[in-house]
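Down below is the structure, laid out as structure tokens.
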Amino acid sequence: MILALLKEQTRLQHKRLETRLDLLNRTSSLDEYRVLLERFFGFYAPLEWRVLNTIGSARLDFDFNVRRKTPYLQSDLTSLGLSSNQIAQIPSCENLPDVSTVARVFGYLYVAEGSTLGGQLISKYFTQTLGVSADRNGAFFHSYGLGTGKMWREFGEAITQFADTSVSCDEITGTAIETFEKLEHWLVPGAN
Ligand code: HEM
């Protein structure tokens, strides 16, 4: 129920991000690919700290740590030649979605976890065009690889259970929309 609602309510934002990012056409060299990963890093790294802060004492039914995107991005950027010092200096997005409640965290997680579905397609494309692979520069988009379906189902169960026991569907869907819009603003400056 909540997943269907999220999909419906963010359809427009997903389509717009996909179109404006135009990831497959605009990323045709390893240099452009690295810049794209740096941009994702600038969004996910500070946001994941905030998520950790919010869920610190909450008892969630799944392990957020294995779902963090920052370690994948760090590993890709390192194998693309960036030092840890350079990674630490990547500009961070300051206009981040509000993830100050568990309901809001679930809204954000819908976007981050859902992106691993499309990521499978993107990953195959970059393997063909840029020669990246899960263990060489391509961990972020490859993400859970063959485990993607299972991870998505488990996330689906956790968010459904949470939504069933709380009255904050609007908070969840509102944060998913906010996340899509702020990510688009960060990745495609000047688009809105
Ligand atoms: C070129 C860029 C993108 C393409 C081609 C793309 C493509 C797709 C595709 C094909 C699916 C459906 C997969 C399936 O049902 O098995 C999907 C799902 C999804 N993608 Fe994307 N995507 C892109 C970018 C993004 C980005 C940047 C985000 C957010 C960070 C995102 C978030 C989502 C979400 C939340 C879903 C789950 C929708 C649902 O079933 O509820 N996508 N994407």
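The values are calculated or read from the model by the stated rules, or taken from the named source; none is laboratory data. All values reported here derive from a predicted model rather than from experimental measurement. Neighbour counts run over all protein chains shown; Cβ positions are idealised from the backbone, glycine included. Surface accessibility is based on the protein's heavy atoms, side chains included, excluding ligands, DNA and RNA. Shrake-Rupley method; radii C 1.70, N 1.55, O 1.52, S 1.80 Å.
Out of the residues in segment 15-33 meeting the condition of being within 12 Å of the ligand (Cβ to nearest atom) and touching a residue at least 24 places away in the same chain (Cβ under 8 Å), tell me which one is most open to solvent (accessible area, probe 1.4 Å). Show your work before the answer.
Here is the first cut: in segment 15-33, the residues within 12 Å of the ligand (Cβ to nearest atom) are 15-27.
Adding the requirement that they be touching a residue at least 24 places away in the same chain (Cβ under 8 Å) leaves 16-18, 20-21, 23-24, 27.
Working: 16: 69, 17: 18, 18: 99, 20: 81, 21: 25, 23: 20, 24: 57, 27: 9 Å².
So the residue we want is 18.
Restricting to segment 91-111, name every residue that is buried (at least 16 other Cβ atoms within 10 Å of the Cβ) and either more than 14 Å from the ligand (Cβ to nearest atom) or of a type in the set (A, V, I, L, M) (or both).
Here is the first cut: in segment 91-111, the residues buried (at least 16 other Cβ atoms within 10 Å of the Cβ) are 93, 96-99, 101-111.
Selection gives 96, 98, 99, 101, 102, 103, 104, 105, 109, 111.
Restricting to segment 112-134, name every residue that is touching a residue at least 60 places away in the same chain (Cβ under 8 Å), open to solvent by less than 10 Å² (accessible area, probe 1.4 Å) and within 11 Å of the ligand (Cβ to nearest atom).
Across segment 112-134, the qualifying residues are 112, 126.
Just for segment 135-192: of the residues that are surrounded by 16 or more Cβ atoms within 10 Å (Cβ to Cβ) and among the hydroxyl-bearing types (Ser, Thr, Tyr), which one is nearest to residue 29 (Cα to Cα)?
Checking each candidate, the answer is 143.
With under 18 Å from the mean Cα position of the chain (by Cα), at negative phi, within 16 Å of the ligand (Cβ to nearest atom) and open to solvent by less than 90 Å² (accessible area, probe 1.4 Å) as the only criterion, which of 36, 52, 12, 77 stands out? Walk me through how you get there before you give the answer.
Values: 52 fails: within 16 Å of the ligand (Cβ to nearest atom); 12 fails: open to solvent by less than 90 Å² (accessible area, probe 1.4 Å); 77 fails: within 16 Å of the ligand (Cβ to nearest atom).
The conditions single out 36.
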